[in-house]
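Quick notes on the structure that follows.
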């Protein structure tokens with residue numbers, strides 16, 4: 001096996017945020033082996049990683065983080081020095097219809113991974129020295145902000161409202177418990193809504209880009225007054241890289257875009273951007289907006305205070321939202337084959353044949 005200075009396991013590395021992070025790490029740290037561990041469920045797509053799949057410091061392992069034997073073997077085989085844990089079920093609507101799937105992956109999977117890391121690192125002569133377990137979470141664990149409230153801070157009390165956010169809140173607490181109980185060097189990051197290329201098209205921005213392109217309805221929950229903070233995925237990958245390498249063990253860092261938008265205003269901005277790229281008259285797709293019954297337990301507002309990561313690690317989001325939205329729209333319109341593979345399931349059939357169902 002080729003020798004590397006160290007090894008980082010990235011779970012969920014074939015997903016949206018994970019694939020952007022893996023590509024960044026593989027290119028930025030050629031002397032570090034990056035092991036991408038993904039179960040290749042519906043949102044995991046290795047087409048996201050074709051540009052690095054032949055790099056000597058990149059390894060893909062198809063495995064489920066809930067598989068205790070596989071995780072134990074993984075740490076020992078690759079002599080892992082660090083983990084950046086992104087593998088998760090992440091769609092709120094799916095969590096409402098199938099909450100147990102979210103408990104299994106997000107809670108039990110995280111505990112399984114923590115135990116595998118603990119057992120391997122405690123078996124080493126140096127113990128936890130030079131090791132890091134970075135858990136990637138969400139701002140949804142904090143609950144909802146009212147319009148006049150401030151921002152979510154790292155000290156904000158947890159108040160999750162959906163099965164998804166509850167499962168992530170639980171996993172956050174377990175990660176911190178491993179730090180407090182066993183002395184494992186852990187960090188937790190809580191991020192706002194991500195957008196950008198390669199996002200699975202069940203999410204709002206890619207879904208609506210595709211719907212506008214095909215003149216399909218744009219379903220907006222309630223009156224569209226819910227507010228979210230939007231963060232370009234490349235900026236998030238940079239922040240994760242920084243926190244993993246420079247973040248203080250036992251700390252939490254909020255990662256946000258300083259970019260709040262009401263859903264309806266975001267949809268109108270998206271319509272404007274897509275129509276412009278397609279050469280349609282301005283406002284041509286506004287008639288596609290369709291108001292639908294609001295989601296159960298739909299939090300009104302999320303917004304992150306990212307001043308700690310700026311103050312302590314020097315990170316701020318670099319991508320202007322107008323620029324980021326334009327890049328995102330252009331990517332989806334330029335990559336209809338990727339979108340077709342995802343919406344048809346062809347990508348999953350291909351990798352299922354390649355790696356099997358194990």
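The values are calculated or read from the model by the stated rules, or taken from the named source; none is laboratory data. Here the structure is a predicted model, which means the values were calculated and not measured. We place every Cβ from the backbone using ideal geometry, glycine too, and count neighbours over all the protein chains shown.
Only a single item in (1) part of a helix (DSSP H, G or I); (2) within 19 Å of the chain's Cα centre (by Cα); (3) closer than 22 Å to residue 254 by Cβ is not met by residue 179, and it is number (2).
Going through the stretch 225-234 one residue at a time, which ones are in contact with a helix residue (DSSP H, G or I) (Cβ under 8 Å, 6 or more places away or on another chain) and buried (at least 17 other Cβ atoms within 10 Å of the Cβ)?
226, 227, 228, 229, 230, 232, 233, 234
Residues are listed down the side, and each one gets a yes or a no for (1) surrounded by 22 or more Cβ atoms within 10 Å (Cβ to Cβ); (2) without any contact (Cβ under 8 Å) to a residue 24 or more places away in the chain; (3) in a helix (DSSP H, G or I); (4) touching a strand residue (DSSP E or B) at 6+ places or on another chain (Cβ under 7 Å):
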position: 17; (1), (2), (3), (4): yes, no, yes, yes
position: 24; (1), (2), (3), (4): no, no, yes, no
position: 27; (1), (2), (3), (4): no, no, yes, no
position: 36; (1), (2), (3), (4): yes, no, no, yes
position: 44; (1), (2), (3), (4): yes, no, no, yes
position: 55; (1), (2), (3), (4): no, no, no, no
position: 59; (1), (2), (3), (4): no, no, no, yes
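Among the conditions (1) surrounded by fewer than 15 Cβ atoms within 10 Å (Cβ to Cβ); (2) modelled with pLDDT of 80 or more; (3) on the phi < 0 side of the Ramachandran plot, the only one that residue 314 does not satisfy is (3). For the stretch 89-127, the candidate set comprises residues that are assigned to a loop (DSSP other than H, G, I, E, B) and either more than 24 Å from residue 4 (Cα to Cα) or in contact with a strand residue (DSSP E or B) (Cβ under 7 Å, 6 or more places away or on another chain) (or both); within that set, the residue that is modelled with the highest pLDDT is 98.
Filtered by the rule that a residue be part of a helix (DSSP H, G or I), out of contact with any strand residue (DSSP E or B) (no Cβ under 7 Å at 6 or more places or on another chain) and either free of Cβ contacts under 8 Å to residues at least 60 places away in the same chain or under 13 Å from residue 235 (Cα atoms) (or both), the stretch 312-324 gives 322, 323.
Just so you know, in the stretch 287-311 the residues that are assigned to a helix (DSSP H, G or I) and touching a strand residue (DSSP E or B) at 6+ places or on another chain (Cβ under 9 Å) include one that is surrounded by the fewest Cβ atoms within 10 Å (Cβ to Cβ), and it is 307. Do we have residue 86 as touching a strand residue (DSSP E or B) at 6+ places or on another chain (Cβ under 7 Å), crowded, with 19+ Cβ neighbours inside 10 Å and more than 24 Å from residue 193 (Cα to Cα) here? No, not satisfied. The residue pairs whose first member lies in the stretch 330-352 and is at negative phi and outside any helix (DSSP H, G or I), whose second member is surrounded by 15 or more Cβ atoms within 10 Å (Cβ to Cβ) and at pLDDT below 50, and whose beta carbons are closer than 7 Å, counting only pairs six or more residues apart or on different chains, do not exist in this structure.
Would you mind stating whether residue 72 is in contact with a strand residue (DSSP E or B) (Cβ under 6 Å, 6 or more places away or on another chain), surrounded by fewer than 19 Cβ atoms within 10 Å (Cβ to Cβ) and at pLDDT 95 or above? It is false that residue 72 is in contact with a strand residue (DSSP E or B) (Cβ under 6 Å, 6 or more places away or on another chain), surrounded by fewer than 19 Cβ atoms within 10 Å (Cβ to Cβ) and at pLDDT 95 or above. A residue that is farther than 27 Å from residue 22 by Cβ and not in a helix (DSSP H, G or I) occurs nowhere in the stretch 130-138. Does residue 186 satisfy being farther than 22 Å from residue 336 by Cβ and free of Cβ contacts under 8 Å to residues at least 12 places away in the same chain? No.
Which one of 243, 267 is touching a residue at least 24 places away in the same chain (Cβ under 8 Å), touching a strand residue (DSSP E or B) at 6+ places or on another chain (Cβ under 7 Å), over 21 Å from residue 301 (Cβ atoms) and part of a helix (DSSP H, G or I)?
243
Could you tell me which residue of the stretch 182-207 is farthest from the chain's Cα centre (by Cα), considering only residues that are assigned to a loop (DSSP other than H, G, I, E, B) and closer than 21 Å to residue 111 by Cβ? Checked the stretch 182-207; the qualifying residue farthest from the chain's Cα centre (by Cα) is 183.
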